[in-house]
Amino acid sequence: MPTFLRRLALWLGALALAVMAALTGPTAAQAAAPAWPTLGNGSTGANVTTAQYLLRHRGYSLTVDGQYGPGTTSVAKSFQSANGLGADGVIGPQTWGKLVVTLNAGANNDAVRALQTSLNKYGYGLSVDGAWGPATTSAVQSFQSRNGLAVDGIVGPATWQYLVGGSGGGTGNYRLIIGKSVLPRSEYDDPHHDYPAIDLPTVTGTTAYAITSGTVGHVGGNCGLGIGITADDGAYYLYCHLNSRSVGAGARVSAGQVLGYTGATGNVTGPHLHLEVRVNGANRCPQNMLLALYDGVTPPAPSALPATGCTY
Ligand SMILES: [Zn+2]
């Protein structure tokens, strides 16, 4: 074969592989990294505390209280202007990219406080003292290993993305369906109107995560932009009223993979995430499962969840 034909054949082969990769998307073995969370006025919780420590590390003066109010908004705008970003005061993917710093063992600063705050979302129980000692090293290595990251003990952009983007709740092959810092524990035992399910009051745009591994189906109707997971544990998990879906019908997902963002589509009176757990087509009460995931302990099997007692 003439050289140019061989080159053409190789180029076409590479193109075909790239197209196939784009069509098939990530597999369970290489699950997508969690999305960077979007923080703005009214956001609360550990990710806000993390962002505030990182802004302080960058030389800005602000109160670190886990509450994203006018003070944090104004500092975020200054940081964005100084870094050539649109100054909207909302911390999204681009701002996170400029805000995070690569950290190594031995560092002692506010960025380490941000790191320790983020690790504590996952139950590491570190004191947030800004000093990276042996306990922080072992927490970083454990976190990297659990998330399939290179276990190098260095916190770079990829580790940061998993730290701030991950839901923070769960154990084994189960994850909490929204970030642990989004709602207090008391929201996870609420009964549902008329049939076993749960409604979690989330603002539009809250990241929704796969509760466990399985295969995705798209659902519509009253459910709005809905996602059903036919799970490996034998149950069916239905998420309703999403604002957008991040996974296609037929996609395989792993526990904790981003499914989409909550909203108010379908039959709703306001934005919330509706979850149902079905075993052999019959609804079970999801509350005990979600409470266990919130607490980071092994959840009951879906078939062990009650079929009554969670309605009003
Ligand atoms: Zn509902």
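Mind ranking His192, His272 by accessible surface for me, highest first, 1.4 Å probe?
On the way: His192 0, His272 30 Å².
I get His272, His192, largest accessible area first.
Each residue of the range 127-134 in turn: what ³J(HN,Hα) in whole Hz from Karplus with 6.51, -1.76, 1.60 and θ = phi - 60°, glycine and Pro shown as x?
7, 8, 10, x, 9, 7, x, x
Mind listing the phi-derived Karplus ³J(HN,Hα) values for the range 297-312, rounded to whole Hz, using 6.51, -1.76 and 1.60 with θ = phi - 60°, and x for any glycine or proline?
With the stated coefficients, the range 297-312 comes to 10, 4, x, x, 4, x, 5, 8, 6, x, 9, 9, x, 10, 10, 9 Hz.
Could you give the length gained on full extension between Lys98 and Tyr60, defined as 0.36 nm per residue of separation minus the Cα-Cα distance, in nm?
Length difference between fully extended and current span is 12.3 nm.
If you average the sequence gap of Cα pairs under 8 Å that are 6 or more apart and divide by the length of the range 46-166, what percent do you get for the contact order?
Reported as a whole number, the value is 24 percent.
Based on the alpha-carbon set only, what is the convex hull volume of the range 90-244 divided per residue, in Å³?
Dividing the Cα hull volume of the range 90-244 by its residue count gives 138 Å³.
Return the inverse of the average 1/r over all pairs of distinct C-alpha atoms in the range 46-166, which is the Kirkwood hydrodynamic radius, in Å to one decimal.
Roughly 14.4 Å, rounded to one decimal.
With a 1.4 Å probe and every protein chain left in place, work out the accessible area per residue of the chain in Å², rounded to a whole number.
Per-residue value: 45 Å².
Starting from 0 in steps of 10 Å, tell me what percent of the Cα-Cα pairs of the chain lands in each bin.
6, 25, 31, 22, 12, 4, 1, 0
Counting only protein heavy atoms, what percent of the accessible surface of the chain is carbon or sulfur at a 1.4 Å probe?
Carbon-and-sulfur percentage of accessible area, whole number: 54.
The values are calculated or read from the model by the stated rules, or taken from the named source; none is laboratory data. Because the structure is a prediction, the values reported are computed rather than measured. Side chains included, ligands, DNA and RNA excluded: accessible areas come from the protein's heavy atoms. Shrake-Rupley method; radii C 1.70, N 1.55, O 1.52, S 1.80 Å.
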